[in-house]
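Comments concern the structure below.
Values quoted throughout were computed directly from the atomic coordinates according to the rules given, and no laboratory measurement underlies them. In this text, all values refer to a predicted model and were calculated from it rather than measured experimentally. Every residue, glycine as well, gets a Cβ built from its backbone with ideal geometry; the counts of neighbours run over all protein chains shown.
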Amino acid sequence: MRPDSKLYIVPFAGGQARLMRCNTALMNSWHSFSPNGRWLVFSSKSRSPYTQMFLTHLDEEGNDSPAVLIENTTAANRAVNIPEFVNVPPDGIAKLEAPVTEFYRVFNLAADLENKGQYAEALGEWEKALELDPLDAKANFNLGISLARNGKLDEAILRFQKAAEANPDFADAYNNLGIALAQRGRVEEALVQFQKAVELEPGYVDAQNNFGAALLQNGKPDEAIPHFQKAVEVRPDFADAQNNLGIALLQIGKPEEAIPHFQKVVEVKPDFADAQNNVGIALLQNGKADEAIPHFLKALELDPRQAQTYYYLGGALFTQGKVKEALAHWREGLRTDPNYLPLLNQTAWVLATSPQASVRNGPEAVELGERAIKVSPGPDPVLLDTLAAAYAEVGRFPQAAQTAHQALDLATQQNAQPLLEGLKARIALYESHSPFRDAQ
């Protein structure tokens, strides 16, 4: 077992021990002679941290040849120890079974395929491994990962469940089970699994982040924040957790606290388009349009398909009085996503109500306002208010008044007080055949 161990040979009749030529650089030991005395097999770690088998041939005088590695006898992380010759003819062994070693051979083959990105091939090997040992927690877990990568979420969920049953302290199994459940829309069930993962390992940053994200998805930003904070406390450079923490703070109305978290993200990952957009939103909500605009522009440079970014960039320009520039970005956003409701409503409102005649475009406002009503998931007094203003701008005053009354009824049902007063004033205008001009 010593690093400097060496093999020596002594003639059967006696004499001086002679150092053998077959010795490798490290740990030569556990030798065994063949039945005819002409071959010697031994173990060594000269080529690997794991023990491997080597073979040498002996002539009539006992002179040995340089050692030859016997290849393909060990898996990547397995050793061969105390090898022996079997004194039988070549066809004397019908079958040799070693289930444990075969399980690990297949396990390692599957893992190697995963590492190479050959996920479909790995899937078959994981299934073979579980045929050999159906209760192995890691094999069930890895098969679950492979199934998820191949789009088989329901089957993956069952494997993660089996992994957790086999090893109740397996935090990774609970975390991945939570991810799969959340992707299936089973958020309440996912929360239970993330809870188990972080109870087992409070410093497990991925699980803390995933737990927080599921709480956000479930409309609970207040509960999500401590989990994101724990994740970034352990790993301040964890961009996803920093970004999610900023989003949660925005959702509870704390843009000023959100800003440093988004800024940390863009420092670590300047090409993270969502984070560039989010820091812009936080700055804009904090009254810093000048600082927000470069972040929106960077976000669009990275991903020009995000309608939300066009919406906020236009909003920042609008607050600076750059109405035509704002409209240009809003229209570009609508070319990207023609049914993005905030853009439809905002663009239609400005085109219908702007005090600047060169900005107003009644027909376009009507088209956008009607499209917003059509794609809206339900009746919305704000959208109806915008459409009424658009009808008034093109002179369709009876229709404008009728639409505004519908908006008023909905706003009354929803107790939307600020909107109610404005609607009453606008209805009076439409009934007197006057359009509305928004001075703000």
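Things worth noting here:
- Extension reserve of the Glu256-Ala25 stretch, reckoned as 0.36 nm per residue once the Cα distance is removed: 76.8 nm
- Cα shape, the stretch 253-336, gyration tensor, a/c 1.5 rule: oblate
- Per-residue ellipticity at 222 nm, computed for the chain from helices alone with -39500 (n - 2.57) per DSSP H run of at least four residues, works out to -19500 deg cm²/dmol.
- Dipole magnitude of the stretch 253-336 about its Cα centre (Cβ charges: Lys, Arg +1; Asp, Glu -1), debye to nearest 20: 260 debye
- With 0.36 nm allotted per residue and the present C-alpha distance subtracted, the Ser48-Asp237 stretch has 64.5 nm of extension available.
- Extreme residue, positive dipole direction of the stretch 217-340, given options Tyr312, Gly219, Leu245 (C-beta unit charges): Tyr312
- This model, with +1 at the C-beta of Lys and Arg and -1 at the C-beta of Asp and Glu, gives the stretch 3-77 a dipole about its Cα centre of some 200 debye.
- Listed peptides 279-288, 118-127, 308-317 by packing density, highest first (mean Cβ within 10 Å): 308-317, 279-288, 118-127
- Selection among Ile259, Ala156, Tyr119 by position relative to the dipole of the chain gives Ile259 as farthest towards the positive end (Cβ unit charges, Cα centre).
- Label positions at His57 and Asn339, each projected 7 Å from the Cα along the C-beta direction, are separated by 7.7 nm.
- Helix 205-217 and the longest principal axis of the C-alpha atoms of the chain enclose an angle of approximately 30°.
- Here the chain is assigned +1 on the Cβ of each Lys and Arg and -1 on the Cβ of each Asp and Glu. Its dipole about the Cα centre then comes out at about 560 debye.
- The stretch 349-425 and the stretch 208-261: distance between their alpha carbon centers, rounded to Å: 36 Å
- Label-point separation in nm, Glu421 to Glu121, each point 7 Å along Cα→Cβ: 7.1 nm
- Spacing of the modelled spin labels on Asp169 and Arg331, each 7 Å from Cα toward Cβ, amounts to 6.6 nm.
- Net lengthening on full extension, Asp112/Lys220 (0.36 nm per residue, minus Cα-Cα): 34.8 nm
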